[in-house]
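Engineer: Structure provided below as structure tokens; questions to follow.
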Amino acid sequence: MAKDQIFHDTAVESGSFEFNESVARVFPDMLRRSIPGYEASIEAIGMLVKRYVKPNTNCYDLGCSLGESTLAIRRNIEVPACEILAIDSAPAMVARCRTTVDADQSKTPVTIIKGDIRDIKIENASIVIMNYTLQFLPIADRQALISRIYSGMVSGGMFLLSEKVSDENPVVDNLLTHFHHKFKRAHAYSNLEIARKRTALENILIPETERTHIERLACAGFKNPCIWLKNINFVSIMSTR
Ligand code: GEK
């Protein structure tokens, strides 16, 4: 796995983070050293897909990056006639995702689409996964997308939303940030790298509170939204149609 040293040597400007070729090259390492519980979120996808996928339906991976969630979906489908649609807007991610998916032997067909998830038609879906992607959309666009996901799902389908979250209590919020940075330091990021990445992500990754996410899901019509996983300030919320 290539080591992420993107913020090791060069200073960055606020909001300059991009999902480009340099990021795609080190992305598996970046995800594991930056997101507490990333691997648990991938395992959760497998478990939930097994339980909720229905025959003759579509499964969507919105913001698929290199396809780790896509493969977790694909390897856990045990019903016939499903199709997976994996969408990402970054060309460097999509190109590498194609190579990864081509090398996988599981049988459910996967269509990888380079596009904006706000423009993608969602239909006949029993599974929709959005693993740490909603946080990169402008807040103003989030409710419309979640409502479109709901409308495109079949009854009994499952939506898993994973996000970095903030806390409405500033004391708790500071504590969560402190422990997130400790997690990154324990995974060999320096204080300077942590500070530079934070600057680069300003106004690019915009976290919201658990309550905001759960209310948005409920407002779209999703049933029983609940925190499925939590590790410091990263959560996976599952809900059903
Ligand atoms: C995983 N889900 O490994 N349309 C399409 N893609 C987008 C958009 C958009 N509007 N905005 C951002 N992206 C993956 C990890 S990473 C999470 C997802 C992270 C894409 C972006 O190009 C990137 O590949 C992905 O969302 C977010 O389970 O970097 O923290």
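Engineer: Looking at the range 123-159 only, could you name the residues that are more than 17 Å from Cys219 (Cα to Cα), hydrophobic (A, V, I, L, M, F, W, C) and touching a strand residue (DSSP E or B) at 6+ places or on another chain (Cβ under 6 Å)?
Structural biologist: Once the filter is applied, which keeps residues that are more than 17 Å from Cys219 (Cα to Cα), hydrophobic (A, V, I, L, M, F, W, C) and touching a strand residue (DSSP E or B) at 6+ places or on another chain (Cβ under 6 Å), the range 123-159 yields Ala125, Ile127, Val128, Ile129, Met130, Val154.
Engineer: Looking at Leu160, Leu176, Leu205, which one is among the hydrophobic types (A, V, I, L, M, F, W, C) and closer than 25 Å to Asn20 by Cα?
Structural biologist: The unique qualifying residue is Leu205.
Engineer: May I pose another question? Output the helices (runs of 4 or more DSSP H) that fall wholly within the range 81-195 and possess 3 or more residues being within 21 Å of the chain's Cα centre (by Cα) and farther than 18 Å from Thr70 by Cβ, or say none.
Structural biologist: Passing ranges, in order: 139-151, 170-186.
Engineer: Does Leu229 satisfy the criteria of being open to solvent by 30 Å² or more (accessible area, probe 1.4 Å) and modelled with pLDDT of 95 or more?
Structural biologist: Criteria met by Leu229.
Engineer: Moving on. Exactly one of (1) within 12 Å of the ligand (Cβ to nearest atom); (2) within 16 Å of Glu215 (Cα to Cα); (3) surrounded by 18 or more Cβ atoms within 10 Å (Cβ to Cβ) is unmet by Ile129. Its number?
Structural biologist: (2)
Engineer: Quick test of your reading of the structure: Phe19 fulfils all but one of (1) more than 18 Å from the chain's Cα centre (by Cα); (2) outside any helix (DSSP H, G or I). Name the failing condition by number.
Structural biologist: Result: Phe19 fails condition (1) only.
Engineer: Further question on the same structure: Of all residues in the range 74-89, which are charged (D, E, K, R), open to solvent by 40 Å² or more (accessible area, probe 1.4 Å) and within 24 Å of Asp29 (Cα to Cα)?
Structural biologist: Arg75
Engineer: Given the criteria open to solvent by less than 30 Å² (accessible area, probe 1.4 Å) and either out of contact with any strand residue (DSSP E or B) (no Cβ under 6 Å at 6 or more places or on another chain) or closer than 28 Å to Thr99 by Cβ (or both), does Tyr189 qualify? If you could, list the steps in order and put the result at the bottom.
Structural biologist: Details: open to solvent by less than 30 Å² (accessible area, probe 1.4 Å): yes; either out of contact with any strand residue (DSSP E or B) (no Cβ under 6 Å at 6 or more places or on another chain) or closer than 28 Å to Thr99 by Cβ (or both): yes.
Judged against the criteria, Tyr189 is a match.
Engineer: Same structure, new question: Can you work out which of the residues in the range 30-73 that are assigned to a strand (DSSP E or B) and within 8 Å of the ligand (Cβ to nearest atom) is surrounded by the most Cβ atoms within 10 Å (Cβ to Cβ)?
Structural biologist: Per the stated criteria, the residue is Asp61.
The values are calculated or read from the model by the stated rules, or taken from the named source; none is laboratory data. If you're wondering where the values come from, they're calculated on a predicted model, not measured in any experiment. Counting neighbours? That spans all protein chains shown, and the Cβs are built from the backbone with ideal geometry, glycine included. In case anyone asks, the SASA skips ligands and DNA or RNA and just uses the protein heavy atoms, side chains included. Shrake-Rupley method; radii C 1.70, N 1.55, O 1.52, S 1.80 Å.
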